1. Testing Gln323 on (1) open to solvent by 10 Å² or more (accessible area, probe 1.4 Å); (2) closer than 23 Å to Leu404 by Cα, one condition comes back false. Which one is that?
2. Taking the condition touching a helix residue (DSSP H, G or I) at 6+ places or on another chain (Cβ under 6 Å) and free of Cβ contacts under 8 Å to residues at least 60 places away in the same chain, does Lys208 pass?
3. Do any helices (runs of 4 or more DSSP H) entirely within region 1-102 hold 2 or more residues that are open to solvent by 80 Å² or more (accessible area, probe 1.4 Å) and at pLDDT 90 or above, and if so, which?
4. Quick one: what pairs do we get from region 260-286, first residue in a helix (DSSP H, G or I), second open to solvent by 60 Å² or more (accessible area, probe 1.4 Å), C-beta under 6 Å, 6+ apart or different chains?
5. Identify all residues within region 137-161 that are surrounded by fewer than 20 Cβ atoms within 10 Å (Cβ to Cβ) and under 17 Å from Glu125 (Cβ atoms); write none if there are none.
6. For region 103-135, give me each residue that is of a type outside the set (A, V, I, L, M), more than 24 Å from Ala56 (Cα to Cα) and in a helix (DSSP H, G or I).
7. Given the criteria crowded, with 22+ Cβ neighbours inside 10 Å and among the aromatic types (Phe, Trp, Tyr), does Phe114 qualify?
Amino acid sequence: MNNQKQQKPTLSGQRFKTRKRDEKERFEPTQFQDCIIQGLSETGTDLEAVAKFLDASGAKLDYRRYAETLFDILVAGGMLAPGGTLADDMMRTDVCVFAAQEDLETMQAFAQVFNKLIRRYKYLEKGFEDEVKKLLLFLKGFSESERNKLAMLTGILLANGTLNASVLNSLYNENLVKEGVSAAFAVKLFKSWINEKDINAVAVSLRKVNMDNRLMELFPANKQSVEHFSKYFTEAGLKELSEYVRNQQSIGARKELQKELQEQMSRGDPFKDIILYVKEEMKKNNISEQTVIAIIWSSVMSTVEWNKKEELVAEQAIKHLKQYSPLLAAFTTQGQSELTLLLKIQEYCYDNIHFMKAFQKIVVLFYKAEVLSEEPILKWYKDAHLAKGKSVFLEQMKKFVEWLKNAEEESESDAEEGD
């Protein structure tokens, strides 16, 4: 047996020279900068010509290596020193975002330059996102007008998908937030973003990078409230953003309420303590009684393992719900809340097939326990029910509804005799 290691094959032969046109010119950043600035000075402010120059230059200049320098020039007119200042001894150009007119139309034209460049040289995508993150951290080093232009441009590029919303993480920098720079920048940014798309598209983009619940962090900790956010952005002309954040906060509060409710129920906390907690949360987060009764119903129904046999589940449900009737009754003080609960019961019984025959029994239980009253039940029966399982549930309720109507008529006639 041959123990010697087998020699690996080696490649040999003629070495081919790289063709001249395939070689990229390699410079120091300052030389690269001079080349770009020289070219931009020849194009002037014709942004169509600028885009063509950048497209052609990418074939001979090393954009991959000098991406940061390239984007510094296109935004600020030259290479930026740490903090966002332009070095005095460096060449600079006026063919850049910061030297342009401060209006949306001009920024839209510049956005096209960046779009074309990044579509042509896809490898610049990551470098451009890194550049924008850096520029946002440098905001304090820019003038108010420069910030406004950058904000408008960023909003447009977020809208057309050239940038990912994760770049906005830079705005949560402590110093920018503390001095109010982040919030002021966000106003201009969101205005141009919403102008290009709408608040729903903005919401989707923010949600993708888990930023939909972080917008209040644009303000210092002592100002992170829905009221302050709403007032600030509404006064700035961004009412739709204020409403979006208010809605997000409300969704978060409702989720937290449901989670805490389920924990309190599983611990067996006294109903009076649960009721007090829920009422405090309603007041603090401006949650309506209709919303709360839906949350309580959902929580009550999720705290038990239901029997899979239809003939046994109704009995189990009645026993379970009888126990929780005082809790439910505390949050059906309005007719609309009672109707909401009825619809939730209908929906639940339809979605969980074993409960189909239990609907009427649950409603009767809640009527006897004073969770539900005559008027909302009659309204539900007449025209406020859902389409889900309608024929089955209306048939189940027919006799009870007739009994309610007769009882109502009798009480009316008794009242008239008394008069």
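The values are calculated or read from the model by the stated rules, or taken from the named source; none is laboratory data. Values in this document were obtained by computation on a predicted structure and should not be read as measured data. In this analysis, Cβ positions are derived from the backbone assuming ideal geometry, glycine residues included, and neighbour counts consider all displayed protein chains. The accessibility values were calculated without ligands, DNA or RNA, using every heavy atom of the protein model including side chains. Shrake-Rupley method; radii C 1.70, N 1.55, O 1.52, S 1.80 Å.
1. Result: Gln323 passes all but (2).
2. Values: touching a helix residue (DSSP H, G or I) at 6+ places or on another chain (Cβ under 6 Å): no; free of Cβ contacts under 8 Å to residues at least 60 places away in the same chain: yes.
Judged against the criteria, Lys208 is not a match.
3. On the way: elements: 29-43, 47-57, 67-76.
Filter on region 1-102 gives 29-43, 47-57.
4. Matching pairs, first to second residue: Phe271/Pro326.
5. Residues satisfying the conditions are Asn160, Gly161.
6. Quick first cut of region 103-135, residues of a type outside the set (A, V, I, L, M) only: 103, 105-106, 108, 110, 112, 114-116, 119-123, 125-131, 133-134.
So of that shortlist, the ones also more than 24 Å from Ala56 (Cα to Cα) come out as 103, 105, 133-134.
If the condition is that a residue be of a type outside the set (A, V, I, L, M), more than 24 Å from Ala56 (Cα to Cα) and in a helix (DSSP H, G or I), then Glu105, Lys133, Lys134 are the ones that fit.
7. Values: crowded, with 22+ Cβ neighbours inside 10 Å: yes; among the aromatic types (Phe, Trp, Tyr): yes.
Here the answer is yes, as Phe114 does meet what is asked.
Every residue, every condition in (1) under 20 Å from Lys259 (Cα atoms); (2) in contact with a Cys (Cβ under 6 Å, 6 or more places away or on another chain); (3) among the aromatic types (Phe, Trp, Tyr), yes or no:
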{"site": "Tyr277", "(1), (2), (3)": "yes, no, yes"}
{"site": "Val300", "(1), (2), (3)": "yes, no, no"}
{"site": "Ala314", "(1), (2), (3)": "no, no, no"}
{"site": "Ala317", "(1), (2), (3)": "no, no, no"}
{"site": "Leu342", "(1), (2), (3)": "no, no, no"}
{"site": "Leu372", "(1), (2), (3)": "no, no, no"}
{"site": "Ile377", "(1), (2), (3)": "no, no, no"}
